[in-house]
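**Q** Below: one structure in structure tokens.
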Amino acid sequence: MFHSRLRPVVDLDATRLGPTIWRSTDRNMWVVILLLQIMRVLAQGGPSTVSDPFKEAKLVSRITVDNSPTEERNYQAVPSLYNIHEQNEPYGISYNYHNYDEMTKWLRATTSKYPSLTALYSIGKSVQGRDLWVLVVSASPYEHMIGKPDVKYVANMHGNEAVSRELMLHLIHHLVTNYHVDPYIRWLMDNTRIHIMPSMNPDGFEVAKEGTCDGGQGRYNARGFDLNRNFPDYFKQNNKRTQPETDAVKEWVSKIQFVLSGSLHGGALVASYPFDNTPNSLFQSYSSAPSLTPDDDVFKHLALTYSTNHAKMSRGVACRSSQKGFRRGITNGAEWYPLTGGMQDFNYVWYGCMEVTLEVSCCKFPPAHELPKYWEDNRMALIKFLAEAHRGIHGFVMDENGNPVEKASLKIKTRDVGFQSTKHGEFWRILMPGMYKLEIYADGYVPKDIDVMVVEQHPTLVNVTLHAAKPGQSFKKPVTSPPITMLSPEVSSPDIDFTFPQD
């Protein structure tokens with residue numbers, strides 16, 4: 001059978017992003033790949049997304065890291081190759097915990113079963129060499145849909161908080177198996193690219209113990225670092241040594257402009273929103289004052305979207321009698337307890353991605369027989385939360401000739417955390433209904449302010465045309481937090497040209 005001729009081209013290390021790509025030694029294989037591509041395109045309704053299989057499989061980057069020899073890497077997701085036997089195997093998801101090998105096998109089985117709805121890629125490796133898998137679930141899994149948002153879930157950041165890991169697998173299964181039967185799921189997948197990372201800390205999960213509700217065994221990565229204290233921080237210098245899992249996520253979010261994100265945890269039942277830190281965090285620990293963002297109304301709405309669609313969260317019942325509950329099942333992160341180096345603040349401040357931390361279980365690693373209950377409790381909330389990416393404003397920034405303006409800086413007046421346009425000139429911003437003034441700035445162009453009205457029923461389309469500045473004209477850059485020059489944190493390999501499935 002032809003699958004015996006396949007071999008992995010690369011084995012990525014912890015500082016690099018991208019999936020393992022398969023190359024055939026038989027040119028006839030490319031006919032098979034091409035047929036699979038055509039079948040996928042026809043299933044999606046037309047030839048507009050045809051991809052050249054030779055282009056998709058080409059090596060797009062040559063890298064020299066430190067003094068090591070130059071290596072070839074491929075960072076383009078390509079269709080999974082599978083045989084007839086694999087296609088006919090029963091497909092489902094069990095209510096038990098999946099270790100790394102089992103999770104990897106199941107994710108690959110999903111891409112084999114649903115090649116037109118899913119794409120599997122790795123953003124890097126953990127300390128112990130396990131892939132940090134991400135599965136795209138969308139009607140266009142291999143290519144970015146122009147004008148449509150990318151969203152993400154990141155789970156199992158703390159390895160012993162295991163419920164979220166299984167929730168992500170069940171969410172994937174629910175989306176792909178309901179695409180053709182549920183109109184809402186179909187709408188969501190037709191208009192959104194959903195990136196799901198079931199485990200950001202696969203090493204920690206491997207040493208955590210089922211049935212353990214508290215404690216720290218498996219919480220940290222293999223070097224003993226808390227990954228949710230390992231990101232750059234807006235309020236305080238974070239001097240902790242950056243970890244490969246954190247570096248991979250930082251590079252990932254720098255290359256794909258995510259509009260909305262959920263970080264899933266365990267040990268409480270609450271939706272926590274930024275800021276996680278506060279200027280006074282040096283002197284405070286618990287029972288702190290809120291630390292509110294300029295988009296506090298949006299973050300409260302996003303948190304409430306999850307808690308009110310959850311079976312129990314919005315009741316605000318405490319997990320333990322010794323603890324107080326959370327009103328309506330939401331909290332400001334710093335008011336709960338301040339922390340330095342959190343992932344949700346990093347997403348928001350550095351890249352304009354609105355991330356909420358979702359604590360989905362009182363017990364961190366409950367017995368597997370309880371998983372059906374957790375899935376039913378969270379199923380609707382997980383879906384409804386993602387749909388919030390289709391709220392507020394979206395559009396394009398173009399020049400006078402209709403060419404996209406990349407990295408134009410945008411912000412809402414009086415809200416000093418900005419966002420930027422993509423290489424296609426696209427932008428998105430989640431906003432609540434009301435009137436706003438959108439400020440747009442780009443080097444070499446005359447800045448522009450536009451009044452926009454946001455309604456409840458649908459996002460407002462705002463297309464912006466910037467005019468070239470005349471020779472000698474200069475304009476003051478808008479004030480953002482952090483300054484625009486800080487919007488690219490340090491990366492371990494600045495010369496690497498990464499290409500993700502959206503490109």
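**Q** Tell me which of these residue 156 doesn't satisfy, since it passes every other one: (1) surrounded by fewer than 19 Cβ atoms within 10 Å (Cβ to Cβ); (2) touching a Pro at 6+ places or on another chain (Cβ under 9 Å); (3) among the polar types (S, T, N, Q).
**A** All conditions pass for residue 156, except number (1).
**Q** Let me ask something else. Among (1) open to solvent by less than 10 Å² (accessible area, probe 1.4 Å); (2) in contact (Cβ under 8 Å) with a residue 60 or more places away in the chain, which single condition is residue 297 missing?
**A** Failing condition for residue 297: (1).
**Q** Here's a follow-up. Restricting attention to segment 308-363, which residues are in contact (Cβ under 8 Å) with a residue 60 or more places away in the chain and either more than 25 Å from the chain's Cα centre (by Cα) or farther than 25 Å from residue 392 by Cβ (or both)?
**A** Result: 311, 312, 336, 338, 339, 340, 341, 359, 360, 361, 362, 363.
**Q** Among the residues of segment 198-215, is any of a type in the set (Asp, Glu) and closer than 21 Å to residue 428 by Cβ? Step through it out loud before you land on a result.
**A** At the first step, the residues of segment 198-215 found to be of a type in the set (Asp, Glu) are 203, 206, 210, 214.
If we keep only those that are closer than 21 Å to residue 428 by Cβ too, we end up with none.
The answer is no, given that none of the residues of segment 198-215 is of a type in the set (Asp, Glu) and closer than 21 Å to residue 428 by Cβ.
**Q** Which one of these is farther than 30 Å from residue 210 by Cβ and open to solvent by less than 20 Å² (accessible area, probe 1.4 Å): 333, 352, 316, 341? Even if it seems obvious, please write down each step before you answer.
**A** On the way: 333 fails: farther than 30 Å from residue 210 by Cβ; 316 fails: farther than 30 Å from residue 210 by Cβ; 341 fails: farther than 30 Å from residue 210 by Cβ.
From the options 333, 352, 316, 341, the qualifying one is 352.
**Q** Another one. Could you grab me the full set of residues in segment 209-253 that are touching a His at 6+ places or on another chain (Cβ under 9 Å) and either part of a loop (DSSP other than H, G, I, E, B) or more than 17 Å from residue 128 (Cβ to Cβ) (or both)? Don't jump to the end; show me each part of the working.
**A** Of the residues in segment 209-253, the ones touching a His at 6+ places or on another chain (Cβ under 9 Å) are 216, 218-220, 226-228, 252.
Listed by number, the residues that qualify are 216, 218, 219, 220, 226, 228, 252.
**Q** Moving on to the next point. With the checklist (1) open to solvent by 10 Å² or more (accessible area, probe 1.4 Å); (2) more than 21 Å from the chain's Cα centre (by Cα) in hand, flag the one item residue 408 doesn't pass.
**A** (1)
**Q** On to the next question. Tally the residues that are in contact with a Pro (Cβ under 9 Å, 6 or more places away or on another chain) and either open to solvent by less than 50 Å² (accessible area, probe 1.4 Å) or at pLDDT below 95 (or both), restricting the search to segment 432-455. Give the derivation first.
**A** Within segment 432-455, the subset in contact with a Pro (Cβ under 9 Å, 6 or more places away or on another chain) is 439-441, 447, 453-455.
Subsequent filtering for residues that are either open to solvent by less than 50 Å² (accessible area, probe 1.4 Å) or at pLDDT below 95 (or both) retains 439-441, 447, 454-455.
Qualifying residue count for the region: 6.
**Q** Turning to a different aspect of this structure: Out of 347, 378, 403, I need the residue that is of a type in the set (S, T, N, Q), more than 28 Å from residue 237 (Cα to Cα) and either in contact with an Asp or Glu (Cβ under 7 Å, 6 or more places away or on another chain) or surrounded by 21 or more Cβ atoms within 10 Å (Cβ to Cβ) (or both). Which one? Working first, answer last.
**A** Details: 347 fails: more than 28 Å from residue 237 (Cα to Cα); 403 fails: either in contact with an Asp or Glu (Cβ under 7 Å, 6 or more places away or on another chain) or surrounded by 21 or more Cβ atoms within 10 Å (Cβ to Cβ) (or both).
Of the residues listed, the single one that is of a type in the set (S, T, N, Q), more than 28 Å from residue 237 (Cα to Cα) and either in contact with an Asp or Glu (Cβ under 7 Å, 6 or more places away or on another chain) or surrounded by 21 or more Cβ atoms within 10 Å (Cβ to Cβ) (or both) is 378.
**Q** Out of curiosity, is residue 392 more than 24 Å from residue 189 (Cβ to Cβ), at pLDDT 95 or above and small (Gly, Ala, Ser)? Give the derivation first.
**A** Numbers: more than 24 Å from residue 189 (Cβ to Cβ): no; at pLDDT 95 or above: yes; small (Gly, Ala, Ser): yes.
No: the conditions fail for residue 392.
**Q** Of all residues in segment 179-205, which are open to solvent by 70 Å² or more (accessible area, probe 1.4 Å) and charged (D, E, K, R)? Don't jump to the end; show me each part of the working.
**A** Going residue by residue through segment 179-205, those that are open to solvent by 70 Å² or more (accessible area, probe 1.4 Å) are 180-181, 183-184, 186-187.
The answer is 186, and nothing else.
**Q** Yes or no: segment 359-369 includes at least one residue that is open to solvent by less than 10 Å² (accessible area, probe 1.4 Å) and either modelled with pLDDT under 95 or touching a His at 6+ places or on another chain (Cβ under 9 Å) (or both).
**A** Yes: one or more hits.
**Q** Out of the residues in segment 225-252 that are open to solvent by 10 Å² or more (accessible area, probe 1.4 Å) and within 27 Å of residue 422 (Cβ to Cβ), which is modelled with the lowest pLDDT?
**A** The first filter runs over segment 225-252 and keeps only residues open to solvent by 10 Å² or more (accessible area, probe 1.4 Å), leaving 225-226, 228-229, 232-242, 244, 247, 251.
Checking the rest, the ones that are also within 27 Å of residue 422 (Cβ to Cβ) come to 232-234, 242, 244, 247, 251.
Values: 232: 95, 233: 95, 234: 92, 242: 96, 244: 98, 247: 97, 251: 97.
Looking at the filtered set, the residue picked out is 234.
**Q** Could you run through segment 210-228 and say how many residues are within 25 Å of the chain's Cα centre (by Cα) and among the charged types (D, E, K, R)? Show your work before the answer.
**A** Here is the first cut: in segment 210-228, the ones within 25 Å of the chain's Cα centre (by Cα) are 218-228.
Then drop every residue that is not among the charged types (D, E, K, R), which leaves 219, 223, 226.
Of the residues in that region, 3 qualify.
**Q** Condition test on residue 95, is it open to solvent by 40 Å² or more (accessible area, probe 1.4 Å) and of a type in the set (Ser, Thr, Tyr)? Even if it seems obvious, please write down each step before you answer.
**A** Numbers: open to solvent by 40 Å² or more (accessible area, probe 1.4 Å): yes; of a type in the set (Ser, Thr, Tyr): yes.
The answer is yes for residue 95.
The values are calculated or read from the model by the stated rules, or taken from the named source; none is laboratory data. Not measured: the values here are computed from a predicted model. Heads up, the Cβs are rebuilt from the backbone with ideal geometry, glycines too, and the neighbour counts pull from every protein chain shown. Areas reflect the complete protein model, heavy atoms only, side chains present, ligands, DNA and RNA absent. Shrake-Rupley method; radii C 1.70, N 1.55, O 1.52, S 1.80 Å.
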